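Accompanying notes for the structure given below.
The values are calculated or read from the model by the stated rules, or taken from the named source; none is laboratory data. If you're wondering where the values come from, they're calculated on a predicted model, not measured in any experiment. Positions of Cβ are generated from backbone atoms using ideal geometry, with glycine treated the same way; all protein chains shown enter the neighbour counts. When the accessible area is computed, the model is the full protein with side chains, heavy atoms only, and any ligands, DNA or RNA have been set aside. Shrake-Rupley method; radii C 1.70, N 1.55, O 1.52, S 1.80 Å.
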Amino acid sequence: MIRGILITIRPTQWLKNVFVYAPLIFAQKLFDPTSLLLTTGAFGVFCLISSAVYIINDMMDIREDREHPVKRHRPIASGAIPEGVAYGASLILAAAALISAWAMDMWLFWITAFYGGLNIAYSVRLKRVVLIDVFVIAAGFFLRVLAGAVVIRVEVSSWLIICTILLALFLSLCKRRHELVVLEHNAAHHRRTLMEYTPYFLDQLIAVVTASTVVAYSLYTVSADVVEKFGTQNLRLTIPFVLYGIFRYLYLVHRRIEGGSPARVLLTDAPLIIDIMLWGITAFFILYF
């Protein structure tokens with residue numbers, strides 16, 4: 001049962017929570033011990049609250065998951081974890097997240113609470129509303145960035161917000177496309193909102209968001225305020241890595257029929273991992289040296 005709970009809280013999905021470190025990195029406070037400790041604490045809070053949300057989501061999706069070729073093997077859908085135990089674990093994790101957030105920062109508490117409430121609303125209703133479902137997922141990434149900013153008391157860059165939301169929409173739309181293609185005629189049984197999507201429609205949305213993401217990031221690297229803040233124009237050298245990363249992800253979605261789990265793709269695809277590492281190393285030296 002413990003193993004089942006560990007699987008249900010999806011530790012691999014905690015990768016999404018690294019977005020809380022974005023304000024720390026771009027505020028050039030990575031080597032400030034206090035800021036690093038506070039950001040790591042916010043990361044832990046979001047690991048706890050997101051784990052609670054995953055359990056609730058699996059409880060709400062139990063019937064649909066049993067129609068899915070992969071998700072039917074999840075511990076809750078398969079019956080390996082009793083419903084009472086699942087709800088109890090979710091309450092404990094949520095309480096731990098909120099108490100920890102309150103102890104760290106009042107604003108972090110409210111952001112965490114809002115994130116949890118938004119995801120409950122998503123599980124109950126919003127995931128069945130076409131387009132709103134992907135915007136809610138994108139909002140979750142924005143809240144992570146906002147949490148990372150409030151704990152170290154820095155202003156959230158408009159560019160960072162725009163790029164985060166666009167990237168999150170890109171990943172969410174690719175996930176919907178993967179579900180639609182893999183499930184085919186069973187798509188509607190798994191997720192009702194998939195009835196409102198078609199591969200062509202999603203491809204159009206992905207094309208718009210892809211172009212917007214690339215343009216927004218490129219403008220960010222060459223904008224006057226960013227050049228003045230960092231004292232260099234060299235951040236534009238990271239643009240090729242962003243282009244390759246997005247193109248590689250699209251290749252995996254369209255040719256390898258992947259994208260159902262962005263975290264898994266980012267942890268298993270070697271070219272993408274190398275590209276992200278090169279982007280990180282390049283950005284690190286530009287921002288800190």
Quiz item: Is segment 186-207 home to any residue that is in contact with a Cys (Cβ under 7 Å, 6 or more places away or on another chain), part of a helix (DSSP H, G or I) and not acidic (Asp, Glu)?
Solution: yes
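This table checks each residue for (1) touching a helix residue (DSSP H, G or I) at 6+ places or on another chain (Cβ under 6 Å); (2) open to solvent by 10 Å² or more (accessible area, probe 1.4 Å).
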{"position": "Val20", "(1), (2)": "yes, no"}
{"position": "Asp32", "(1), (2)": "no, yes"}
{"position": "Leu37", "(1), (2)": "no, yes"}
{"position": "Thr40", "(1), (2)": "no, yes"}
{"position": "Phe43", "(1), (2)": "yes, yes"}
{"position": "Arg63", "(1), (2)": "no, yes"}
{"position": "Ala80", "(1), (2)": "yes, yes"}
Quiz prompt | Residues that are at pLDDT 90 or above and under 30 Å from Gln204 (Cβ atoms), drawn from segment 104-125 | solution = Tyr115, Leu118, Asn119, Ala121, Tyr122
Practice problem: At least 2 residues that are of a type in the set (Val, Ile, Thr) and under 21 Å from Ala94 (Cβ atoms) in each: list the helices (runs of 4 or more DSSP H) lying fully within segment 1-82 that qualify. | Solution: 2-8, 33-60
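Criterion first (within 21 Å of Ile132 (Cβ to Cβ), over 20 Å from the mean Cα position of the chain (by Cα) and assigned to a helix (DSSP H, G or I)) does Phe285 satisfy it?
no
Which residue out of Leu166, Leu180, Leu131 is over 17 Å from Gln13 (Cβ atoms) and open to solvent by 40 Å² or more (accessible area, probe 1.4 Å)?
On the way: Leu166 fails: open to solvent by 40 Å² or more (accessible area, probe 1.4 Å); Leu180 fails: open to solvent by 40 Å² or more (accessible area, probe 1.4 Å).
From the options Leu166, Leu180, Leu131, the qualifying one is Leu131.
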Quiz item: Can you tell me which residue in segment 226-245 is surrounded by the fewest Cβ atoms within 10 Å (Cβ to Cβ), limited to those that are over 17 Å from Ile25 (Cβ atoms) and out of contact with any helix residue (DSSP H, G or I) (no Cβ under 6 Å at 6 or more places or on another chain)?
Solution: Glu228
Exercise. Inspect all residues belonging to segment 104-127 and state whether any of them is open to solvent by less than 40 Å² (accessible area, probe 1.4 Å) and within 17 Å of Met1 (Cα to Cα).
Key: no
Practice problem: Filter segment 151-163 for residues that are open to solvent by 30 Å² or more (accessible area, probe 1.4 Å) and part of a helix (DSSP H, G or I) and give the result. | Solution: Ser158, Trp159, Leu160, Ile161, Ile162
